[in-house]
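Each value in this text was obtained by applying a stated rule to the coordinates, not by laboratory testing. The structure presented is a predicted model; accordingly, all values stated were derived computationally and were not measured. Cβ: placed from backbone, ideal geometry, glycine included. Neighbour counts: every protein chain shown.
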Amino acid sequence: MKLIGLDPGLACTGWGVIAAEGNRLSHIANGQIRTDAKAPMAARLVTLADGLRAVLADHAPVDAGIEEVFVNSNAQSTLKLGQARGALMLVLAEAGLPIGEYAPRLVKKAVVGTGGADKAQIHAMVSVLLPGAQIAGADAADALAVAIAHAHHRASAKAVEPALSKAEGRAA
């Protein structure tokens, strides 16, 4: 199954596509969608949306994971990040992809083992988990980390599903 992970940002959105077959993960592609800081907000959002549409057309993932917005001390930055994330989620929804949303600390914990990992640690662990991947930058590494966390989450949910169904059958 092909999954896409997204690390949303207004200036640069990272994306990463992986294949997940059971517990085995493999790298397919990764990159960054950059916007012009001098362009109006609406134009930047269109750039992000069009860039993601092109990635979806090229790689045809069937599921998506996206990082949630973290609230920082600059409310204006948080708002802009939320707008970028909204544009990306709209494109994913238009494509009919199920979307998993993950807090940054959860992604770091899933990939590195600690929620306080820095970008260098994430990049290093993604390189270990996806050997041979040529990672396009820190945002692309973060996006691949989101894809990996999403793959793990899906595998866990799938493993628990039969037990839940069985328990629901007994309760009825």
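Convex hull volume of the Cα atoms of the chain, normalised per residue: 137 Å³. What's the angle, to the nearest 10 degrees (0 to 90), between helix 119-129's Cα axis and the longest principal axis of the chain? Value to nearest ten degrees: 50.
A Förster radius of 25 Å combined with the Cβ-Cβ distance from residue 41 to residue 19 puts the calculated FRET efficiency at roughly 0.10. Checked against a 28 Å cut-off, the cross-linked pairs 38/109; 2/119; 38/108 give Cα-Cα distances beyond that limit for 38/109; 38/108. The Rg/Rh ratio for the range 3-77 is 1.03, where Rg is the radius of gyration of the alpha carbons and Rh is the Kirkwood radius. Helix 75-94 axis versus longest C-alpha principal axis of the chain: approximately 60°, rounded to the nearest ten. The ranking of 41, 89 by Cβ neighbour count inside 10 Å, starting from the fewest, reads 41, 89. The C-alpha atoms of the chain define a longest principal axis, and helix 138-171 lies at about 30 degrees to it.
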